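The values are calculated or read from the model by the stated rules, or taken from the named source; none is laboratory data. Remember, it's a predicted structure, so these values are computed and weren't measured experimentally. Neighbour counts run over all protein chains shown; Cβ positions are idealised from the backbone, glycine included. SASA here: full protein model, heavy atoms, side chains in, ligands and nucleic acids out. Shrake-Rupley method; radii C 1.70, N 1.55, O 1.52, S 1.80 Å.
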Amino acid sequence: MAASFARRAVFPTYRCLNGLTRYRQNVCHARYLSLSKNLQASQWFSKDHEWVTIDGQKGTVGISMYAQEKLGEIVYVELPEIGTKLDTEDVAGCLESVKAASDIVNPVPGTVTEVNGKLSDQPALVNSEPMKGGWLYKMDLKAGLKTDDLMDSAAYEEYLKSCD
Amino acid sequence: MFPVGLRIFSSFPRNSFKECVSCRNNNIVRTVLTSTFRHRTNQRQIHLSKSRFKAARIVVISTSDVIFDSLALEEWLYEHRDLSSKEYLFMWKNKPAIVSGRHQNPWLEANIPLAASLGLDIARRSSGGGTVYHDEGNLNLSFLKSRDNYNRRENLDLVVEAVTNKWDIDLTINDRDDILLNKLYKVSGTAAKLGRLQSYHHFTLLHSVDLDLLQRCLTSPMQGASSKATKSFPATVMNLSEQEPDITFDSLTSTIGEHFLAEVGLEATPDTFRYLNPLCETEFPGVTDIARRLQTWEWRFAKSPDFSIERNFTGHTYKSLPYSVQVKLAVRKGALTSLEVRVDNPELEQLDQLINQFCRDHSGFLLMHENVKTFEDKFLYCFSESSNKQIEYVSEARRILKCILSSLDFL
């Protein structure tokens, strides 16, 4: 344990999402800590205000609290078909709220494996529990996924300050 | 989903934002780089009102009176033009049509048989919101802007300001983004489509619409339906021309169009105020494909969210015993996925079973008239005197068929 700690202190470890470990210098300490802490299931945010929880090769996608507040009461959720291959920034579906149809912008590449069936009866779950019960769809993530363009929750909080 | 406003600016050092003391209305001057980042040194100052960058503007008026053509051009502009550098006000009118929102069920929102008999177009928008009736007495306005500059209230304010500056009428905007005449009658309904970077906000403006036909078209004959589709909110409507006879399509488009341009210091010239054929492939390559897609049955009808119908028909008698017929059907992606009939007369139990077997074997078709006709023909053939069915069942079977067909009379 001590040895591993010492090694890491010299070469901060960055673990890719496919489980491979590589050494990366000049990784800021705070980022390194948050990565290692959440290795099992890490949550990331896109600039378009979608979140994705990554657990191994599985990803779950939803919209952030900020996004649901901006949208207002959601009355209809249009989700992708199971089996759809989606790339980053592809339109995955559509959320309708107060007369506006807003695209769901897919945050990470992968294939849709499951959609949240509850949302057809209770679309407002996206408003009440955007980060939990209001998840939108699950994916098998593309191998070798990088999270370079995504933010962890601390970085996202910071990003939100520039949003209004 | 929200490509957030001023993302380009947000990474800039704070000290690049300065108050501009010489500007009126507390406008802010931001020193920003050109939007492309290519010339990082090439800085320029942009005056921003309400912290928004003012893009160039253009007014486009459609020369087509077909709803699909204009909706196609709107979609094309949304998909292909950089709306952050140039904003569009696209206006059009079309011959009578019923237009429902993206997640609506047109059968549930409108009288489709009536519309079909009158030859009206039935369309679906990509935007949210409710079902509307359009005819030549209705002006459609679409503000196409970047997602950052999407602001429904601003667009509605602009229209209200332009119209009330010219005519002495009382227009207000309510919290549903409807424009009201005399604070009571709806003259405009709103809907919007938001993409990652682009957006449009479009709305109707009723100036001399056939209100009687509007009412009839927006009353659906469908009964006993349950659906998760977006619901429309009916409202009492009125025409602007009742208040001010000078208000016509042409006077509205020029007044509003000029106001839209004047906001950024532009004048109406042949370059900034254009009448265009929306299906011009040279200028808008691919627009006819969009128009074709908008006219498909799949987009207009099959996109309706799943729904089901339950109807009860009473007043039948068999061997002097009264009975009722219950019809249950479910529709998924425009196809009749299940059809069940329940006849509550013990004497007709066998017929009940035969009919349900037939329905299981012959449902699954798309809800189009020709498919219903084929179903009807097969049913009549199957339950005819010449078939081996007990003869006394034939007239009852026909009654039950009538109940099934009545349940589908919204088509």
- Item | Lone qualifier among B:298, B:310 - being within 30 Å of residue A:123 (Cα to Cα), in contact with a strand residue (DSSP E or B) (Cβ under 6 Å, 6 or more places away or on another chain) and open to solvent by 80 Å² or more (accessible area, probe 1.4 Å) | B:310
- Taking region B:184-218 and keeping residues surrounded by fewer than 20 Cβ atoms within 10 Å (Cβ to Cβ) and basic (Lys, Arg) leaves B:186, B:196, B:216
- Message: Residues that are over 25 Å from residue B:99 (Cα atoms), without any contact (Cβ under 8 Å) to a residue 60 or more places away in the chain and not in a helix (DSSP H, G or I): does region B:287-308 have at least one?
- Response: no
- Message: For region B:219-234, give me the residue count where each residue is within 14 Å of the chain's Cα centre (by Cα), of a type outside the set (S, T, N, Q) and buried (at least 19 other Cβ atoms within 10 Å of the Cβ).
- Response: 1
- Query: Within region A:64-88, how many residues are more than 10 Å from every other protein chain (Cβ to nearest Cβ), out of contact with any Pro (no Cβ under 7 Å at 6 or more places or on another chain) and not in a loop (DSSP other than H, G, I, E, B)?
  - Reply: 2
- Scan region B:83-140 residue by residue and report those that are within 14 Å of chain A (Cβ to nearest Cβ), in contact with a helix residue (DSSP H, G or I) (Cβ under 7 Å, 6 or more places away or on another chain) and aliphatic (A, V, I, L, M). B:99
- Task: Working carefully through the options B:293, B:332, find the one that is open to solvent by 10 Å² or more (accessible area, probe 1.4 Å), under 22 Å from the mean Cα position of the chain (by Cα) and assigned by the TED database to the domain that holds residue B:224.
- Result: B:293
- Message: Just to verify a result, which residue in region A:129-152, among those that are within 14 Å of residue A:67 (Cβ to Cβ) and open to solvent by 10 Å² or more (accessible area, probe 1.4 Å), is farthest from the other protein chains (Cβ to nearest Cβ)?
- Response: A:129
- Assess whether residue B:248 counts as being polar (S, T, N, Q) and open to solvent by 50 Å² or more (accessible area, probe 1.4 Å). yes
- Task: With respect to residue A:148, determine if the residue is farther than 24 Å from residue B:231 by Cα, free of Cβ contacts under 8 Å to residues at least 24 places away in the same chain and out of contact with any His (no Cβ under 8 Å at 6 or more places or on another chain).
- Result: yes
- Task: Just give me the residues in region A:153-164 being of a type in the set (S, T, N, Q) and within 14 Å of chain B (Cβ to nearest Cβ), in sequence order.
- Result: A:162
- Message: Given the condition modelled with pLDDT under 95, closer than 24 Å to residue B:306 by Cβ and in contact with a Gly (Cβ under 9 Å, 6 or more places away or on another chain), answer yes or no: does some residue in region A:99-108 qualify?
- Response: yes
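Matching residues to (1) open to solvent by less than 40 Å² (accessible area, probe 1.4 Å); (2) among the aliphatic types (A, V, I, L, M); (3) within 16 Å of residue B:204 (Cβ to Cβ):
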| site | (1), (2), (3) |
| --- | --- |
| B:85 | no, no, no |
| B:88 | yes, no, no |
| B:92 | yes, no, yes |
| B:97 | yes, yes, yes |
| B:104 | yes, no, yes |
| B:112 | yes, yes, no |
| B:117 | no, no, no |
| B:122 | yes, yes, no |
- Task: Within region B:344-391, work out how many residues are at pLDDT below 90, surrounded by 12 or more Cβ atoms within 10 Å (Cβ to Cβ) and acidic (Asp, Glu).
- Result: 1
- So is residue B:155 assigned by the TED database to the domain that holds residue B:61, touching a residue at least 12 places away in the same chain (Cβ under 8 Å) and under 19 Å from the mean Cα position of the chain (by Cα) or not? yes
- Item | Residue list for region A:95-114, restricted to those being under 15 Å from the mean Cα position of the chain (by Cα) and more than 9 Å from chain B (Cβ to nearest Cβ) | A:106, A:107, A:108, A:109, A:110, A:111, A:112
